[in-house]
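The values are calculated or read from the model by the stated rules, or taken from the named source; none is laboratory data. This structure is a prediction, so every number in the text was calculated from the model and none was measured. All Cβ positions, glycine included, derive from the backbone under ideal geometry; neighbour counts span all protein chains shown. Note: areas computed on protein heavy atoms with side chains; ligands, DNA, RNA excluded. Shrake-Rupley method; radii C 1.70, N 1.55, O 1.52, S 1.80 Å.
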Amino acid sequence: MVRFKNRYVLCEVLSDDPRCRQCIEDRAVGLAVRDAIGRVHGDYGLACCSISFTVKYLNAYTGTVLLRCRKDSYRLLCSALPFVRCLESRAQRYPCALNTLHVGGTIRTCQKFLIRYNRRQLLMLLQNCTNEEERQSIRKSLLSCSLTEEQSQSGDEEDDDGTE
Amino acid sequence: RRELPDGGARPNAAQFKQLVVSALRELHGEVGAALPVDVLTYEEKTLSAILRVISSGLVKLWSALTLLGFYQNRRCAFRVLQTSPFLLALSGNSRELVL
(Lines give C-alpha, C1' and ligand atoms only; values in the text may rest on other atoms or scores of the structure.)
Protein backbone atom coordinates (compact mmCIF):
# COMPACT_ATOMS: atom_id res chain seq x y z
CA MET A 1 0.00 0.00 0.00
CA VAL A 2 1.50 3.33 -0.96
CA ARG A 3 0.72 6.28 1.21
CA PHE A 4 2.21 9.68 1.86
CA LYS A 5 4.43 9.53 4.91
CA ASN A 6 4.98 12.68 6.90
CA ARG A 7 7.47 13.72 9.48
CA TYR A 8 6.45 15.97 12.36
CA VAL A 9 9.20 18.18 13.75
CA LEU A 10 8.70 19.52 17.24
CA CYS A 11 10.60 22.71 17.97
CA GLU A 12 10.78 25.36 20.60
CA VAL A 13 11.02 29.08 19.97
CA LEU A 14 13.68 30.73 22.12
CA SER A 15 13.92 34.46 22.38
CA ASP A 16 15.50 37.07 24.59
CA ASP A 17 12.73 39.53 23.90
CA PRO A 18 9.62 38.97 26.07
CA ARG A 19 7.38 40.67 23.50
CA CYS A 20 8.26 38.00 20.98
CA ARG A 21 5.90 35.60 22.73
CA GLN A 22 2.85 37.60 21.68
CA CYS A 23 3.73 37.56 18.05
CA ILE A 24 4.25 33.81 17.78
CA GLU A 25 1.52 32.81 15.40
CA ASP A 26 1.29 30.06 12.86
CA ARG A 27 1.50 32.19 9.75
CA ALA A 28 4.51 34.15 11.02
CA VAL A 29 6.40 31.01 12.00
CA GLY A 30 5.49 29.28 8.73
CA LEU A 31 6.70 32.21 6.67
CA ALA A 32 9.92 32.50 8.66
CA VAL A 33 10.71 28.80 8.21
CA ARG A 34 9.86 28.87 4.48
CA ASP A 35 12.05 31.90 4.01
CA ALA A 36 14.95 30.19 5.78
CA ILE A 37 14.57 27.07 3.62
CA GLY A 38 14.55 29.26 0.52
CA ARG A 39 17.75 30.95 1.55
CA VAL A 40 19.61 27.79 2.51
CA HIS A 41 18.35 25.31 -0.08
CA GLY A 42 17.27 27.52 -2.94
CA ASP A 43 14.25 27.15 -5.19
CA TYR A 44 14.53 23.40 -5.36
CA GLY A 45 14.62 22.94 -1.60
CA LEU A 46 11.81 25.41 -1.07
CA ALA A 47 9.55 23.61 -3.52
CA CYS A 48 10.53 20.20 -2.16
CA CYS A 49 9.72 21.05 1.44
CA SER A 50 6.60 23.07 0.71
CA ILE A 51 4.67 20.16 -0.73
CA SER A 52 3.08 19.21 2.54
CA PHE A 53 4.35 21.89 4.83
CA THR A 54 2.12 23.27 7.58
CA VAL A 55 2.36 24.41 11.13
CA LYS A 56 0.24 21.83 12.87
CA TYR A 57 0.31 23.02 16.46
CA LEU A 58 1.49 26.15 18.15
CA ASN A 59 1.62 27.07 21.81
CA ALA A 60 2.49 30.70 22.34
CA TYR A 61 2.92 30.34 26.12
CA THR A 62 5.62 27.70 25.93
CA GLY A 63 6.83 28.55 22.43
CA THR A 64 6.25 25.03 21.15
CA VAL A 65 5.76 24.58 17.42
CA LEU A 66 4.91 21.40 15.53
CA LEU A 67 5.74 21.42 11.83
CA ARG A 68 4.79 18.82 9.25
CA CYS A 69 6.65 17.97 6.08
CA ARG A 70 7.15 15.05 3.73
CA LYS A 71 9.39 12.21 4.80
CA ASP A 72 11.68 12.75 1.80
CA SER A 73 12.46 16.33 2.65
CA TYR A 74 12.51 16.47 6.42
CA ARG A 75 16.30 16.59 6.45
CA LEU A 76 16.23 19.76 4.34
CA LEU A 77 13.77 21.27 6.80
CA CYS A 78 15.76 20.26 9.88
CA SER A 79 18.99 21.60 8.46
CA ALA A 80 17.37 24.95 7.66
CA LEU A 81 15.82 25.48 11.11
CA PRO A 82 18.99 26.93 12.71
CA PHE A 83 18.91 29.64 10.04
CA VAL A 84 15.63 31.08 11.28
CA ARG A 85 16.82 34.27 12.91
CA CYS A 86 13.78 36.47 13.31
CA LEU A 87 10.02 36.27 13.42
CA GLU A 88 8.06 38.95 11.69
CA SER A 89 4.44 39.85 12.34
CA ARG A 90 2.42 43.07 12.29
CA ALA A 91 5.46 44.91 10.93
CA GLN A 92 7.50 44.03 14.01
CA ARG A 93 10.62 42.00 13.82
CA TYR A 94 11.84 39.99 16.79
CA PRO A 95 15.08 38.02 16.91
CA CYS A 96 14.55 34.42 17.87
CA ALA A 97 15.98 30.93 17.55
CA LEU A 98 14.34 27.57 16.92
CA ASN A 99 15.47 24.56 18.92
CA THR A 100 14.54 21.15 17.55
CA LEU A 101 13.17 18.91 20.29
CA HIS A 102 11.90 15.82 18.50
CA VAL A 103 11.18 14.43 15.06
CA GLY A 104 8.40 11.88 14.87
CA GLY A 105 6.35 10.08 12.30
CA THR A 106 2.97 10.83 13.82
CA ILE A 107 1.41 13.57 15.88
CA ARG A 108 0.75 11.07 18.66
CA THR A 109 4.46 10.27 19.19
CA CYS A 110 5.27 13.97 19.26
CA GLN A 111 2.49 14.51 21.76
CA LYS A 112 3.81 11.76 24.04
CA PHE A 113 7.30 13.23 23.84
CA LEU A 114 5.98 16.70 24.57
CA ILE A 115 4.20 15.50 27.72
CA ARG A 116 7.36 13.82 29.02
CA TYR A 117 9.45 16.86 28.11
CA ASN A 118 7.06 19.29 29.80
CA ARG A 119 7.00 17.12 32.88
CA ARG A 120 10.80 17.27 33.04
CA GLN A 121 10.73 21.04 32.51
CA LEU A 122 8.21 21.46 35.31
CA LEU A 123 10.46 19.44 37.60
CA MET A 124 13.36 21.72 36.76
CA LEU A 125 11.22 24.77 37.41
CA LEU A 126 10.22 23.25 40.74
CA GLN A 127 13.86 23.13 41.76
CA ASN A 128 14.45 26.74 40.82
CA CYS A 129 11.25 28.02 42.33
CA THR A 130 11.39 30.35 45.31
CA ASN A 131 7.75 30.91 46.18
CA GLU A 132 5.70 28.33 48.11
CA GLU A 133 2.48 28.98 46.17
CA GLU A 134 4.28 28.46 42.91
CA ARG A 135 5.59 25.19 44.26
CA GLN A 136 2.10 24.06 45.11
CA SER A 137 0.76 24.95 41.68
CA ILE A 138 3.62 23.17 39.91
CA ARG A 139 3.10 20.05 42.02
CA LYS A 140 -0.60 20.09 41.25
CA SER A 141 -0.03 20.43 37.53
CA LEU A 142 2.60 17.68 37.52
CA LEU A 143 0.22 15.28 39.14
CA SER A 144 -2.59 16.14 36.82
CA CYS A 145 -0.71 16.02 33.54
CA SER A 146 -1.54 12.94 31.55
CA LEU A 147 -2.63 11.84 28.10
CA THR A 148 -6.40 11.69 28.21
CA GLU A 149 -8.30 10.20 25.33
CA GLU A 150 -10.91 12.94 25.00
CA GLN A 151 -8.47 15.80 24.62
CA SER A 152 -6.58 16.37 21.44
CA GLN A 153 -4.13 18.92 22.85
CA SER A 154 -1.19 17.75 24.90
CA GLY A 155 -2.27 17.00 28.49
CA ASP A 156 -3.20 19.40 31.28
CA GLU A 157 -0.30 21.62 31.98
CA GLU A 158 -0.15 24.82 33.82
CA ASP A 159 2.59 27.18 33.07
CA ASP A 160 4.53 29.37 35.40
CA ASP A 161 5.22 32.45 33.37
CA GLY A 162 6.80 34.09 36.35
CA THR A 163 9.67 31.68 36.71
CA GLU A 164 10.41 31.25 32.97
CA ARG B 1 32.85 20.13 -20.98
CA ARG B 2 30.32 22.90 -21.30
CA GLU B 3 29.50 25.24 -24.12
CA LEU B 4 27.74 28.53 -23.61
CA PRO B 5 26.13 30.18 -26.67
CA ASP B 6 25.61 33.86 -26.06
CA GLY B 7 24.53 37.08 -27.78
CA GLY B 8 27.16 39.67 -27.09
CA ALA B 9 28.91 39.66 -23.75
CA ARG B 10 31.94 37.48 -23.26
CA PRO B 11 32.62 36.57 -19.67
CA ASN B 12 36.16 35.99 -18.58
CA ALA B 13 37.16 33.08 -16.38
CA ALA B 14 36.29 34.70 -13.05
CA GLN B 15 32.93 35.90 -14.33
CA PHE B 16 32.22 32.46 -15.66
CA LYS B 17 32.85 30.92 -12.25
CA GLN B 18 30.68 33.61 -10.69
CA LEU B 19 27.93 32.69 -13.14
CA VAL B 20 28.12 29.01 -12.25
CA VAL B 21 28.06 29.72 -8.52
CA SER B 22 25.13 32.11 -8.85
CA ALA B 23 23.20 29.48 -10.81
CA LEU B 24 23.82 27.00 -8.00
CA ARG B 25 22.79 29.58 -5.43
CA GLU B 26 19.48 30.24 -7.19
CA LEU B 27 18.49 26.63 -7.50
CA HIS B 28 20.09 25.06 -4.45
CA GLY B 29 20.60 27.95 -2.05
CA GLU B 30 23.61 28.54 0.16
CA VAL B 31 24.27 24.83 0.32
CA GLY B 32 24.53 24.69 -3.45
CA ALA B 33 26.71 27.77 -3.66
CA ALA B 34 29.11 26.15 -1.22
CA LEU B 35 29.54 23.13 -3.47
CA PRO B 36 33.23 23.06 -4.49
CA VAL B 37 33.26 23.60 -8.25
CA ASP B 38 36.50 24.15 -10.15
CA VAL B 39 36.86 25.63 -13.61
CA LEU B 40 39.76 23.65 -15.02
CA THR B 41 40.03 25.33 -18.39
CA TYR B 42 38.14 28.16 -19.99
CA GLU B 43 38.33 29.40 -23.57
CA GLU B 44 36.93 32.85 -24.05
CA LYS B 45 36.88 32.48 -27.82
CA THR B 46 34.56 29.48 -27.95
CA LEU B 47 32.99 30.14 -24.52
CA SER B 48 33.59 26.57 -23.51
CA ALA B 49 34.96 25.25 -20.26
CA ILE B 50 35.77 22.11 -18.37
CA LEU B 51 34.32 22.01 -14.87
CA ARG B 52 35.20 19.68 -12.07
CA VAL B 53 32.82 18.77 -9.28
CA ILE B 54 32.54 16.05 -6.68
CA SER B 55 30.50 13.16 -8.03
CA SER B 56 27.72 13.58 -5.50
CA GLY B 57 27.28 17.15 -6.69
CA LEU B 58 26.94 16.37 -10.39
CA VAL B 59 23.14 16.31 -10.34
CA LYS B 60 22.95 19.64 -8.53
CA LEU B 61 25.45 21.30 -10.84
CA TRP B 62 23.90 19.98 -14.02
CA SER B 63 20.39 20.95 -12.98
CA ALA B 64 21.51 24.41 -11.92
CA LEU B 65 23.30 25.02 -15.21
CA THR B 66 20.32 23.77 -17.22
CA LEU B 67 17.98 26.18 -15.49
CA LEU B 68 20.19 29.21 -15.81
CA GLY B 69 18.58 31.49 -18.37
CA PHE B 70 20.16 34.91 -18.25
CA TYR B 71 23.61 36.44 -18.23
CA GLN B 72 23.66 40.24 -17.91
CA ASN B 73 20.07 40.43 -19.10
CA ARG B 74 20.80 38.47 -22.23
CA ARG B 75 19.42 35.04 -22.84
CA CYS B 76 21.95 32.29 -22.67
CA ALA B 77 22.01 28.53 -22.35
CA PHE B 78 24.47 25.98 -21.14
CA ARG B 79 25.04 22.98 -23.30
CA VAL B 80 26.73 20.04 -21.71
CA LEU B 81 28.83 18.25 -24.30
CA GLN B 82 30.40 15.48 -22.31
CA THR B 83 30.79 14.27 -18.76
CA SER B 84 33.25 11.71 -17.57
CA PRO B 85 35.05 10.78 -14.39
CA PHE B 86 38.38 10.91 -16.20
CA LEU B 87 39.90 14.05 -17.61
CA LEU B 88 41.65 12.15 -20.37
CA ALA B 89 38.33 10.98 -21.78
CA LEU B 90 37.30 14.57 -22.44
CA SER B 91 40.17 15.19 -24.79
CA GLY B 92 38.96 13.09 -27.70
CA ASN B 93 36.17 10.96 -29.00
CA SER B 94 37.17 7.40 -28.25
CA ARG B 95 34.94 6.01 -30.97
CA GLU B 96 36.98 7.60 -33.70
CA LEU B 97 40.28 6.53 -32.24
CA VAL B 98 42.47 5.09 -34.92
CA LEU B 99 44.96 2.61 -33.59
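Observations on the structure shown:
- Kyte-Doolittle mean at least 0.0, axial Cα span of 20 Å or more - DSSP H helices of chain A: A:26-49
- Summarised in one figure, the compactness ratio Rg/Rh of segment A:1-105, Cα atoms and Kirkwood Rh, is 0.97.
- Each label point was placed 7 Å from the Cα along the Cα-to-Cβ direction; for B:Glu3 and A:Thr54 their separation is 5.1 nm.
- Here, segment B:13-91 is characterised by an Rg to Rh ratio of 0.93, where Rg is the alpha-carbon radius of gyration and Rh the Kirkwood radius.
- Accessible area per residue for the protein assembly as shown, computed on protein heavy atoms with a 1.4 Å probe, is 62 Å².
- Surface composition of chain A: carbon and sulfur atoms hold 50% of the protein heavy-atom accessible area at a 1.4 Å probe.
- Table column - 3J(HN,Hα) (Hz), segment B:34-50, Karplus curve with 6.51, -1.76, 1.60, x for Gly and Pro: 8, 5, x, 10, 10, 9, 6, 9, 8, 10, 6, 5, 9, 6, 10, 8, 10
- Over the residues of chain B, the helix contribution to mean residue ellipticity at 222 nm works out to -10000 deg cm²/dmol, using -39500 (n - 2.57) for each DSSP H run of at least 4.
- In segment A:13-62, burial by the other protein chains removes 20 Å² or more of 1.4 Å probe accessible surface, compared with the chain on its own, from A:Arg39, A:Val40, A:His41, A:Gly42, A:Asp43, A:Tyr44.
- Threshold 30 Å² - residues in segment B:20-55 whose accessible area is reduced by that much or more when the chain is no longer isolated, probe 1.4 Å: B:Glu26, B:Leu27, B:His28, B:Glu30, B:Val31
- Carbon-plus-sulfur accessible fraction, chain B (probe radius 1.4 Å, protein heavy atoms only): 55%.
- Label zone at B:Leu67 (point 7 Å along Cα-to-Cβ), backbone N below 16 Å, segment B:12-31: B:20-31
- For the chain pair B and A, buried accessible area totals roughly 500 Å², probe 1.4 Å, rounded to the nearest 100.
- Axis of helix B:13-33 versus longest Cα principal axis of chain B: the two differ by about 70°, to the nearest ten degrees.
- Alpha-carbon Debye profile of the protein assembly as shown, log10 I(q)/I(0) at 0.13 Å⁻¹: -0.91
- The charge dipole of the protein assembly as shown, taken about its Cα centre with unit charges on the Cβ of Lys, Arg, Asp and Glu (plus for the first two, minus for the last two), comes to roughly 1240 debye.
- Distance in nm between pseudo-label sites at A:Arg135 and A:Met1 (7 Å out along the Cβ direction from Cα): 5.3 nm
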